[in-house]
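> This is the structure I have questions about; it appears just below.
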Amino acid sequence: MTQKTKNILLVAGFIIVVIIAYNYAIANTFELKREFKTLQREALVFDNLPLQLSSLKQREHYYDSLLTTYQLGQGSMQNSMLSAINTFADTHQLKIVEFREPHNIEQNDLKINTYQFTLEGNYNAIIALIYQLEQHTKFGEIINLHFEKKKNYKSGKYYLQAKVLLKSFG
């Protein structure tokens, strides 16, 4: 063999040895390094877990306090609303004439409930109830309020009725 052929075989052998060494040793080292970094990130997540748990418990207490503040009980929204209206009506001489089933609409993955009820009583008491519903209980927003003056033909007296539409999301 000539010197040139020996040099070519030597370079080709060296390249083959480098490729074999990369496949068996160096590639595994890079893979283990990637896996090590992934495990370090997961360990950081687990180290922060108690902190996240306490944060979530604080949020839960906060949201529970909001539910009790705005009188949203464990029952359905309709029952809670009716209970709040009845409580207010008892103390302010209002009469609930009608409370219809909610009208449900689902639009763009958003559920909209519309509640319709009719009240009878003093104008100021009705307005106070509407304010109570919108500002203090957060059941939703009043989208329509229609007052109507009616006459009781048996007694000859006039009374005020208000038809209320309340819209809520959820």
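> Name the residue, out of Q40, Q116, Q58, whose mean-square fluctuation peaks in a Gaussian network model built on the chain with Cα pairs under 10 Å.
In the Gaussian network model the winner is Q40.
> Continuing with this model, one more query. GNM on the chain, C-alpha springs below 10 Å: top fluctuator among S55, S80, S155?
S155
> For region 3-67, with only Lys/Arg (+1) and Asp/Glu (-1) charged at the beta-carbon, what is the dipole magnitude about the Cα centre, in debye rounded to 20?
560 debye
> Let me ask something additional. Work out, step by step, the length gained on full extension between L39 and I143: first 0.36 nm times the residue separation, then minus their alpha carbon distance; give nm to one decimal.
This chain segment gains 32.0 nm when fully extended.
> Which value in deg cm²/dmol, rounded to the nearest 500, describes the helix-derived mean residue ellipticity at 222 nm for the chain, given -39,500 (n - 2.57) per DSSP H run of n ≥ 4 and division by the residue count?
It comes out at -17000 deg cm²/dmol, rounded to the nearest 500.
> Obtain the nm distance between the two label points defined at L10 and N23 by a simple spin-label model: each point lies 7 Å from its Cα along the Cα-to-C-beta direction.
Reported label-point gap for L10 and N23 is 2.5 nm.
> Taking region 105-170, which trypsin sites (Lys or Arg not before Pro) meet the DSSP loop condition and have no more than 12 other C-beta atoms within 10 Å?
Those that pass, being in a loop and sparsely packed, are K154.
All of the numbers you see were taken from the coordinates with simple rules; none came from a lab. Source: prediction; values computed, not measured. Heads up, the Cβs are rebuilt from the backbone with ideal geometry, glycines too, and the neighbour counts pull from every protein chain shown.
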